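Data block below; observations after.
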Amino acid sequence: MASVTTLPQSRRRIKRIALVTGCVLVCALFVGAIIARHFWPYSESSVRSRLAETASASVRFGSFHEKYFPPGCVAENVIFQRNNSGPPLISIQRLTVKSNLAGILGARVSLVRAEGMHVILSRADFSGNRASDEQTTVSKLVADDAVLEVQRKGSAQPLRFVFHKFQMENLGGGGTTKFAAVFDNPMPTGLVRTSGQFGPWNSSDPAATAVSGKYFLENGDLAVFKSVAGITSSQGDFKGTFKQMEVEASSSTPEFEVTSTHHKLPLQTHFSAAVNVTNGETILRKVKASFGRDQIDAQGRIGRDPHGKRAAIIDLTCNRGRIEDTFYPFIHSPKSPLTGNVAFQMHIVIPSGQEPFLKKLELKSDFQITDARFTNPQTESRLEKVSERPDQKQPEEGALATFKGQVTVLRGIAHFAELTAQDGDASAWFRGNYDLTDERVNMHGKLKTEASLAKTTSGIKSVFAKAIEPLFKKGPHAKIIPVKISGTFHHPSFGLDMNSDM
């Protein structure tokens, strides 16, 4: 009987325990929900605040949806705005954030996917320090089909980068961040594939953050630079920091063209350079180039000149080349006026801007041409007729000429401060100008020779044979004769300089 009365009591005791336990659990869940709601990182206000702090911009959403399984959120038509007017800093059609319980506790996001992202930056945005006090690590960021526009000074069109693929891993973490991208490059236009890593992030000086990787440029179209053209490819490795990135690379341009003359030659390079990514300044430490048959060593820099205008400033040395290849890009004629071996030292300044290449090119050079011959067929034919004699059986072959000189090119005009020529028993020296745009010649100098011109059909003497032969009527004697060259490349005129003070 005692046992019968005990059973209902036991059941009532269990019910009371269950009720108390249930109440405790409900209270715990309620308190937990309040705490979770307060610290839940994926509420609209929390996400907006974190994004705004990271980008130093105001943020607004077209729509926002919290996700609990897995934890995260989806925001649509996201706008980052720094100024009240003007285009947004960043716009994203759809932003998806995914995490897990461990990620919530450890401030880590598993995945951030930005669809339809468009970023507009100025140069100042690359140097600012906007690190947040609270760091959230993103395991993987995906922003395929994103567009980045970098504003330029004045009315110039912004540089537009279209990313077909863009991924980063361990973004915001304490270690290194890996990246991989495939994008359309604006200058020169072409497809770039790059991958590498950077970090740990230097919050006090972001430009000093370590970076390394490799790149490949395919189908780079040089025509975007207006003055030159050709399809180029390049590949290389880079390492260092964002403000001093050391690059070791090579490039190949099978048909490098100067657009003003439409002349093309193959250009191959291997170069070492230091690049400051924050401002585009580039130091060319060592360049080895093959331009046609010219073998060239170069160094220089690309950046701001003393007047604040961007320019390429390059020093070239060629110890082995062909003058016809050196001349070819800069002349309109299908053939160089000279053939021969060439060696030169050259200082070049190429300013930025829309001017034709030959008009903006600045050049100073010392050069020597050996084993030189004139190639103008009309000139050669006329010279043979001028010097031909009735009793002559075979024209006399003249010695190959040697030229030395100093030339300065400015505004499309080549000014020869000194040009000397040696050809067998004849020598000459000149000063004057040659217009690279219309190929007009205005050269004045002196010719020294002591041989008769009777059978001369080549070399320096042959050029002036008709004009100076009367001076030798009394016999061959040493003569120093004032001479000039005028006309154009296609129709040159060689003769006595009657206005000379000689």
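Just to be sure before I move on: is Ala124 among the small types (Gly, Ala, Ser) and at pLDDT 95 or above in the structure I sent? Reasoning before the result, please.
Numbers: among the small types (Gly, Ala, Ser): yes; at pLDDT 95 or above: no.
When the stated conditions are applied, Ala124 does not pass them.
Give the residue that is surrounded by the most Cβ atoms within 10 Å (Cβ to Cβ), with candidates limited to residues of the stretch 341-366 that are in contact with a helix residue (DSSP H, G or I) (Cβ under 8 Å, 6 or more places away or on another chain) and modelled with pLDDT of 90 or more. Filtering first and then ranking leaves Val342.
Considering the stretch 417-440, the residues that are surrounded by fewer than 18 Cβ atoms within 10 Å (Cβ to Cβ), within 35 Å of the chain's Cα centre (by Cα) and in contact (Cβ under 8 Å) with a residue 24 or more places away in the chain include one that is nearest to Phe357 (Cα to Cα), namely Thr437. The residue that is modelled with the lowest pLDDT, counting only those in the stretch 50-71 that are in a loop (DSSP other than H, G, I, E, B) and farther than 15 Å from Thr96 by Cβ, is Ser56. Would you call Val147 in a strand (DSSP E or B), modelled with pLDDT of 90 or more and out of contact with any Asp or Glu (no Cβ under 9 Å at 6 or more places or on another chain)? For Val147, the condition - in a strand (DSSP E or B), modelled with pLDDT of 90 or more and out of contact with any Asp or Glu (no Cβ under 9 Å at 6 or more places or on another chain) - is met. Name the pairs: first residue in the stretch 362-373 and without any contact (Cβ under 8 Å) to a residue 60 or more places away in the chain and at positive phi, second residue outside any strand (DSSP E or B) and surrounded by 15 or more Cβ atoms within 10 Å (Cβ to Cβ), Cβ to Cβ under 7 Å, at least 6 apart or on different chains? The qualifying pairs are Asp371/Leu400.
Could you grab me the full set of residues in the stretch 257-275 that are touching a helix residue (DSSP H, G or I) at 6+ places or on another chain (Cβ under 9 Å) and part of a strand (DSSP E or B)? Within the stretch 257-275, Glu257, Val258, His263, Lys264, Leu265 meet the criteria. Quick check: is even one residue across the stretch 78-87 more than 16 Å from Arg113 (Cβ to Cβ), crowded, with 17+ Cβ neighbours inside 10 Å and not acidic (Asp, Glu)? Yes, there is a match, as at least one residue in the stretch 78-87 is more than 16 Å from Arg113 (Cβ to Cβ), crowded, with 17+ Cβ neighbours inside 10 Å and not acidic (Asp, Glu). Residue count for the stretch 327-374 under the criterion of being assigned to a loop (DSSP other than H, G, I, E, B) and under 16 Å from Phe403 (Cα atoms): the result is 2.
Hey, among Gly230, Gly220, which residue is at pLDDT 90 or above, under 16 Å from the mean Cα position of the chain (by Cα) and farther than 21 Å from Leu358 by Cβ? Break it down into steps so the answer makes sense when it comes.
Details: Gly230 fails: farther than 21 Å from Leu358 by Cβ.
Result: Gly220 is the single residue among Gly230, Gly220 that is at pLDDT 90 or above, under 16 Å from the mean Cα position of the chain (by Cα) and farther than 21 Å from Leu358 by Cβ.
As a summary of the residue check, Glu324 satisfies the conditions (1) assigned to a helix (DSSP H, G or I); (2) under 27 Å from Ala207 (Cβ atoms) except for the one numbered (2). Six or more apart or on different chains, Cβ under 7 Å: which pairs go from a residue in the stretch 65-93 that's within 16 Å of Glu149 (Cβ to Cβ) and among the hydrophobic types (A, V, I, L, M, F, W, C) to one that's assigned to a loop (DSSP other than H, G, I, E, B) and at pLDDT 85 or above? Could you list them? Matching pairs, first to second residue: Ile79/Pro88; Phe80/Ala57; Phe80/Pro88; Phe80/Leu89; Leu89/Ala57. For the stretch 258-281, give me each residue that is without any contact (Cβ under 8 Å) to a residue 60 or more places away in the chain and hydroxyl-bearing (Ser, Thr, Tyr). Listed by number, the residues that qualify are Thr269, Ser272.
The values are calculated or read from the model by the stated rules, or taken from the named source; none is laboratory data. Just so you know, these numbers come straight off a predicted model, no measurement behind them. Virtual Cβ from ideal backbone geometry, glycine too; neighbours counted across all protein chains shown.
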